[in-house]
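Student: Below you'll find the structure I mean.
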Amino acid sequence: MADIFEKAEQVLAEIAAQTPANAAELESFRIQYLGTKGLIKSLMEEMRNVPNERKRDYGQLMNRLKQEAEAKHDALKEVFESQSQGAAAQAIDLTAPGEPFPLGSRHPVAVTMNRIVEIFTRMGFSVVDGPEIEDDWHNFTAMNTPEDHPARDMQDTFYVVDAPGMLLRTHTSPVQARVMENRQPPIRIIAPGRVYRNETISTRSHAQFHQVEGLYVDEGVSFADLKQTLLYFAQEMFGATKIRLRPSFFPFTEPSAEMDIWLGTDTEKNARLTKGTGWLEILGCGMVDPQVLENCGIDSKKYSGFAFGMGIERQALRLYEIGDIRLLFENDVRFLRQFAAAM
Ligand code: DAH
C-alpha cells in the first residue's frame with residue numbers, strides 16, 4: 001500500500017518539475033496528467049484498494065495533485081495565448097496587396113452642371129447660390145408672377161406648413177431677384193442648383209431636378225448680346241453650329257424666347273431626337289422685364305439685361321445620349337460607373 005502513496009508523491013514531484021515550453025507541449029502535459037486517460041485519473045481509480053483508515057489521506061493527496069496540475073496548466077495557457085496574439089499583430093506582410101480603396105465617380109448631372117458652369121465662367125459670369133426653401137416674393141412675385149397669375153399653375157410646388165409663404169423653389173430664377181436686390185449692375189451671374197415641382201414624370205421619379213440660371217444686367221445690354229452669348233454656349237457645350245430663337249412667353253422676360261440648337265436630320269438618332277425637324281430645344285431666355293428690374297431696386301431706364309434658364313437633366317441626356325431620364329435618379333452603380341472618368 002505504501003507503493004501507491006509513493007507513486008502519487010512521485011507524480012506530484014514530476015508535475016512540479018515539468019516545464020512545457022509552448023502550446024503543443026502544454027497540450028501533451030494536459031493529456032498526460034489531466035486527460036480522461038491521464039495519470040491522475042488512474043491514480044484516483046486506485047482509491048478502492050486503499051484501506052479505509054487511509055482513504056482520507058489519499059483523497060487529500062489526489063486533490064493536491066489535481067490542483068497542482070490544473071494551476072500549472074491554466075497559468076501557462078494564458079502565457080502562450082497572449083504570446084501568440086502578440087506575434088500575430090507583429091506579423092505584417094509588407095508584400096501583401098493593399099486594401100482596395102474604391103474611387104467614387106461624379107454623377108452625370110454634376111458633370112453636366114460643372115461643364116455649363118465652366119463655359120459661362122470663361123465668359124466672365126460668376127457663380128452664386130440661393131436658398132432651396134424660398135419665399136413667395138422671390139420665387140413668384142418679384143419675378144413678375146403675382147398671386148393670381150395663370151403662370152403659377154404651371155409651377156405648383158410644395159409649401160412649408162409651419163411657415164406661411166415659404167415654399168420649395170420651382171426654378172432658379174429667384175436667385176436673379178436676390179442678386180439684384182443686393183447689388184447694382186454690372187451683374188453677370190449664373191446660379192446652378194436644385195429645384196422642385198409638384199408633379200411626377202413617373203411613379204419612380206420624384207419632383208426634384210436641377211437648373212442653371214443666368215443673368216446679365218448692365219447699361220446697353222441688347223438682344224444681340226443674348227444671342228451671341230447663347231450661341232457661344234451652344235457651340236462649346238454641344239458643338240452646335242447654329243441656334244434658333246423661337247418667340248415664347250415667360251412672365252419675367254420681354255421679349256421671351258426658347259433656344260433650339262441645330263442637330264440636323266442626317267442620322268436616324270438626330271431625326272428621332274428632333275422629331276424630324278433638326279432642331280432641339282435647350283433653354284428659355286429673354287430680355288429681363290423692366291418690371292423685374294424695378295421690383296429689385298434697379299433703374300430700368302438706365303439698365304437693361306438678359307436672362308436664361310435651363311434644366312440640367314435634359315442637357316445630361318443630350319450630352320451622354322441617355323435614353324431615359326429615370327436612369328439619372330435610380331443610383332444604379334452599373335450606370336453611374338460609366339462616368340468614372342468624367343470630371
Ligand atoms: N424659370 C424658367 C422655368 O423654370 C426658365 C427660364 C426661362 C429662366 C426664361 C429664365 C428665362 O431666366 O429668361 O421654366
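The values are calculated or read from the model by the stated rules, or taken from the named source; none is laboratory data. Here the structure is a predicted model, which means the values were calculated and not measured. Using ideal geometry, Cβ is built from the backbone for each residue, glycine included, and neighbour counts are taken over all protein chains shown. For the accessible areas, the whole protein counts, side chains as well, though only heavy atoms, and no ligand, DNA or RNA atoms are used. Shrake-Rupley method; radii C 1.70, N 1.55, O 1.52, S 1.80 Å.
Student: Return the residues of region 160-184 that are within 16 Å of the ligand (Cβ to nearest atom) and in a loop (DSSP other than H, G, I, E, B); say none if nothing qualifies.
Tutor: Within region 160-184, Arg169, Thr170, His171, Thr172, Ser173 qualify.
Student: Let me ask something else about it. Please go through region 294-328 and give me each residue that is farther than 30 Å from Arg183 by Cβ and within 13 Å of the ligand (Cβ to nearest atom), ordered by number.
Tutor: Initially, region 294-328 is screened for residues farther than 30 Å from Arg183 by Cβ, giving 313-314, 316-328.
Glu313, Arg314, listed by residue number.
Student: Moving to a separate point now. So which of Gly214, Gly193 is within 25 Å of Phe125 (Cα to Cα), within 11 Å of the ligand (Cβ to nearest atom) and assigned to a strand (DSSP E or B)?
Tutor: Selected residue: Gly214, the only one of Gly214, Gly193 that is within 25 Å of Phe125 (Cα to Cα), within 11 Å of the ligand (Cβ to nearest atom) and assigned to a strand (DSSP E or B).
Student: Continuing with this model, one more query. Among the helices (runs of 4 or more DSSP H) confined wholly to region 36-133, which include 3 or more residues that are among the β-branched types (Val, Ile, Thr) and under 30 Å from Gly311 (Cα atoms)?
Tutor: In region 36-133, the matching helices (runs of 4 or more DSSP H) lie at 108-122.
Student: Identify, please: which residue in region 260-299 is more than 38 Å from the chain's Cα centre (by Cα) and acidic (Asp, Glu) and is, among those, surrounded by the fewest Cβ atoms within 10 Å (Cβ to Cβ)?
Tutor: Asp266
Student: A further question on this structure: Applying the selection to region 252-262, what residues are touching a residue at least 24 places away in the same chain (Cβ under 8 Å) and of a type outside the set (Val, Ile, Thr)? It would help to see each step written out before you state the result.
Tutor: Narrowing region 252-262 to residues touching a residue at least 24 places away in the same chain (Cβ under 8 Å): 252-259, 261.
If the condition is that a residue be touching a residue at least 24 places away in the same chain (Cβ under 8 Å) and of a type outside the set (Val, Ile, Thr), then Phe252, Glu254, Pro255, Ser256, Ala257, Glu258, Met259 are the ones that fit.
Student: Within the bounds of region 256-269, is there any residue that is touching a helix residue (DSSP H, G or I) at 6+ places or on another chain (Cβ under 6 Å), hydroxyl-bearing (Ser, Thr, Tyr) and more than 14 Å from the ligand (Cβ to nearest atom)?
Tutor: Taking every residue of region 256-269 in turn, at least one turns out to be touching a helix residue (DSSP H, G or I) at 6+ places or on another chain (Cβ under 6 Å), hydroxyl-bearing (Ser, Thr, Tyr) and more than 14 Å from the ligand (Cβ to nearest atom).
Student: Residue pairs, Cβ under 6 Å, 6 or more apart or interchain, first in region 134-146 and under 13 Å from Arg178 (Cβ atoms), second within 13 Å of the ligand (Cβ to nearest atom) and open to solvent by 10 Å² or more (accessible area, probe 1.4 Å). List them.
Tutor: Sorted first by the residue in region 134-146, then by its partner, the pairs are Met143/Phe252.
Student: Okay, moving on. When region 275-289 is examined, which residues are found to be within 14 Å of the ligand (Cβ to nearest atom) and over 19 Å from Phe125 (Cα atoms)?
Tutor: Answer for region 275-289, where residues must be within 14 Å of the ligand (Cβ to nearest atom) and over 19 Å from Phe125 (Cα atoms): Glu281, Ile282, Asp289.
Student: Would you please list the contacts, defined by Cβ atoms under 7 Å and residues six or more apart or on different chains, that run from a residue in region 298-316 that is without any contact (Cβ under 8 Å) to a residue 60 or more places away in the chain to a residue that is within 16 Å of the ligand (Cβ to nearest atom)?
Tutor: Ser300/Pro290; Ser300/Leu293
Student: Any residue at all in region 62-70 that's closer than 17 Å to Gln18 by Cβ, open to solvent by 70 Å² or more (accessible area, probe 1.4 Å), of a type in the set (Lys, Arg) and under 60 Å from the mean Cα position of the chain (by Cα)? First the steps, then the outcome.
Tutor: To start, the set of residues in region 62-70 that are closer than 17 Å to Gln18 by Cβ comprises 64-70.
Remaining after also requiring open to solvent by 70 Å² or more (accessible area, probe 1.4 Å): 64, 66-68, 70.
Filter once more, so that each one left must be of a type in the set (Lys, Arg): 64, 66.
Applying the additional criterion that residues be under 60 Å from the mean Cα position of the chain (by Cα) yields none.
No, the conditions are met nowhere in region 62-70.
Student: A follow-up question, please. Kindly provide the set of residues from region 217-229 that are surrounded by 15 or more Cβ atoms within 10 Å (Cβ to Cβ) and either in a helix (DSSP H, G or I) or free of Cβ contacts under 8 Å to residues at least 60 places away in the same chain (or both), ordered by number.
Tutor: Phe223, Asp225, Leu226, Lys227, Thr229, listed by residue number.
One line per residue, one yes/no per condition, for (1) in the same structural domain as Ala316 (by TED's automatic domain parsing); (2) modelled with pLDDT under 90; (3) in contact with a helix residue (DSSP H, G or I) (Cβ under 8 Å, 6 or more places away or on another chain):
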position	(1), (2), (3)
Glu27	no, no, no
Ile31	no, no, no
Tyr58	no, no, yes
Ala69	no, no, yes
Asp74	no, no, no
Phe80	no, yes, yes
Ile116	yes, no, yes
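Student: Sticking with this structure for a sec: Looking at region 230-255, which of the residues that are closer than 29 Å to Asn139 by Cβ and more than 12 Å from the ligand (Cβ to nearest atom) is surrounded by the fewest Cβ atoms within 10 Å (Cβ to Cβ)?
Tutor: Pro247
Student: While we're looking at this one, here's another question. Could you say whether any residue in region 150-159 is within 12 Å of the ligand (Cβ to nearest atom), in a helix (DSSP H, G or I) and without any contact (Cβ under 8 Å) to a residue 12 or more places away in the chain?
Tutor: yes
Student: Among the helices (runs of 4 or more DSSP H) contained in region 237-343, which hold 3 or more residues that are at pLDDT 95 or above and within 24 Å of Val221 (Cβ to Cβ)?
Tutor: Qualifying helices (runs of 4 or more DSSP H): 290-295.
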